[in-house]
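A.B. asks: Handing you a structure now.
The values are calculated or read from the model by the stated rules, or taken from the named source; none is laboratory data. Computed from a predicted structure; not experimentally measured. In this analysis, Cβ positions are derived from the backbone assuming ideal geometry, glycine residues included, and neighbour counts consider all displayed protein chains. Calculation scope for accessible area: heavy atoms of the full protein, side chains included, ligands and nucleic acids excluded. Shrake-Rupley method; radii C 1.70, N 1.55, O 1.52, S 1.80 Å.
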Amino acid sequence: MLVVLKRDYREVGFEAARMIAATVRKKPAAVLGLATGNTMMGMYEELARLHREEHLDFSRVRTFNLDEYLGLASSHPRSFHSFMQGHFFTRVNVAPANIHIPDGMLSGGYEQYCDSYETAISAAGGIDLQILGIGRNGHIGFNEPTSSLASRTRVKVLSAGTMEDNRRSFGAGEKVPECALTMGIGTILEAKRIVLLAAGASKAHPIAKAIEGPVTASLTASALQLHPDVTFILDEAAAVELAQKEYYRRVLEMTAVLTPARL
Ligand code: F6R
């Protein structure tokens with residue numbers, strides 16, 4: 001596990017974009033696992049700039065989003081489809097046929113559909129780089145506390161706290177979705193490489209638990225400790241509760257010398 005400590009939100013986004021760009025330059029047909037949310041906006045902004053100004057080419061990249069609200073049409077302004085179109089896909093050259101986001105308008109046949117999402121990931125050769133955010137309750141994707149650490153893509157009922165957090169992006173009186181389709185923890189752990197971004201004081205507690213606490217379904221991001229190639233990119237506020245910051249700095253320095261390809 002690598003912990004990269006950055007100053008602020010902006011630097012977190014730059015660093016994550018740099019890692020994605022390095023992956024795509026090395027493997028132009030890379031399979032990217034993508035996330036939505038406030039934490040991701042700076043990263044997508046920087047990727048759009050790299051495409052525009054430095055010709056970073058996404059034409060062969062395949063993408064799989066982590067999750068989508070159940071009950072929202074892709075055209076709904078709060079759907080993750082809309083988020084991805086607005087912040088990323090309309091600003092770079094990912095081929096529409098290469099974009100995969102769970103279908104929020106599904107009304108039945110959930111298991112079959114979720115199995116087909118997993119099959120599509122496998123058929124693409126698996127995810128090369130999975131990008132994650134973290135919820136205040138430590139969720140990754142929408143794998144809420146007590147999700148099985150072996151879970152696969154499925155329908156998940158959202159916790160009251162997550163619905164409260166999500167309410168902020170919905171209009172007054174608008175119904176906040178109670179369920180989502182999400183990749184499972186087992187799905188996420190099969191990615192070849194995982195990068196989790198976190199910024200802001202509200203993430204300090206789940207980040208400390210995910211990195212330095214026990215592996216537990218009560219805080220699903222802690223399952224990342226089981227993966228051999230995970231990088232956490234944190235700003236100062238999100239890193240404030242970590243006990244071993246000095247050690248992480250030294251590990252990073254030595255990694256740059258010994259195995260720079262990991263960075
Ligand atoms: C979104 C997702 C979620 C978010 C998390 C943090 O696709 O999978 O796990 O990454 O809820 O959201 P923000 O960044 O809005 O705090």
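A.B. asks: What shape does the stretch 21-87 have by the C-alpha gyration tensor, where a ≥ b ≥ c are the square roots of the eigenvalues, rounded means a/c under 1.5, and otherwise prolate means a/b greater than b/c and oblate the rest?
C.D. replies: Prolate.
A.B. asks: Size of the dipole of the chain about the Cα centre, Lys and Arg at +1 and Asp and Glu at -1 on the beta carbon, nothing else charged, in debye to 20?
C.D. replies: Dipole about the Cα centre, nearest 20: 420 debye.
A.B. asks: At 1.4 Å probe size, with every protein chain present, just tell me what the per residue accessible area of the stretch 210-263 comes to in Å².
C.D. replies: That works out to 53 Å² per residue.
A.B. asks: Now for a different question. Scanning the chain for trypsin sites (Lys or Arg not before Pro) in DSSP loops with at most 12 other Cβ atoms within 10 Å, what's the longest stretch left with none?
C.D. replies: Answer from the scan: 8-167.
A.B. asks: Using each residue's phi in the stretch 133-141, evaluate 6.51 cos²θ - 1.76 cosθ + 1.60 at θ = phi - 60° and report the 3J(HN,Hα) Karplus result to the nearest Hz, with x for Gly and Pro.
C.D. replies: Once θ is set to phi - 60°, the couplings for the stretch 133-141 become x, 9, x, 5, 8, x, 6, 10, x Hz.
A.B. asks: Continuing with the same structure: Counting only other residues whose beta carbon sits under 14 Å from that of Gly135, what net charge do I get with K and R as +1, D and E as -1?
C.D. replies: Local net charge: +2.
A.B. asks: Please compute the Kirkwood hydrodynamic radius over the stretch 134-187, one decimal place, Å, based on all pairs of different Cα atoms.
C.D. replies: Computed over Cα pairs of the stretch 134-187, the Kirkwood hydrodynamic radius comes out at 11.6 Å.
A.B. asks: Specify which residue in the list Thr162, Pro102, Gln85 is farthest towards the positive end of the charge dipole of the stretch 53-183, using unit charges on the beta carbon of Lys, Arg (+1) and Asp, Glu (-1), about the Cα centre.
C.D. replies: Thr162
A.B. asks: Another question, then. Which of rounded, prolate or oblate describes the stretch 29-155 when judged by the alpha-carbon gyration tensor and an a/c cut-off of 1.5?
C.D. replies: In terms of gyration-tensor shape, prolate.
A.B. asks: Please compute P(r) over all alpha-carbon pairs of the chain, binned at 5 Å starting from zero, and give each bin as a whole-number percent.
C.D. replies: Bin by bin from 0 Å, the calculated values are 1, 6, 13, 18, 20, 19, 13, 7, 2, 1, 0.
A.B. asks: Using alpha-carbon pairs under 8 Å, 6+ residues apart, how would you state the relative contact order of the chain in percent?
C.D. replies: Taking the mean separation of contacting Cα pairs over the length of the chain, I get 25 percent.
A.B. asks: Also, I was wondering about something else. Using just the alpha carbons, could you tell me how many Å³ per residue the convex hull of the stretch 109-255 encloses?
C.D. replies: Hull volume over Cα atoms, normalised by residue count, gives 117 Å³.
A.B. asks: Which of the lysines could a cross-linker span from Lys203 if the Cα-Cα distance has to be under 27 Å and same-chain partners fewer than 8 positions apart are dropped?
C.D. replies: Lys6, Lys156, Lys175, Lys192, Lys245
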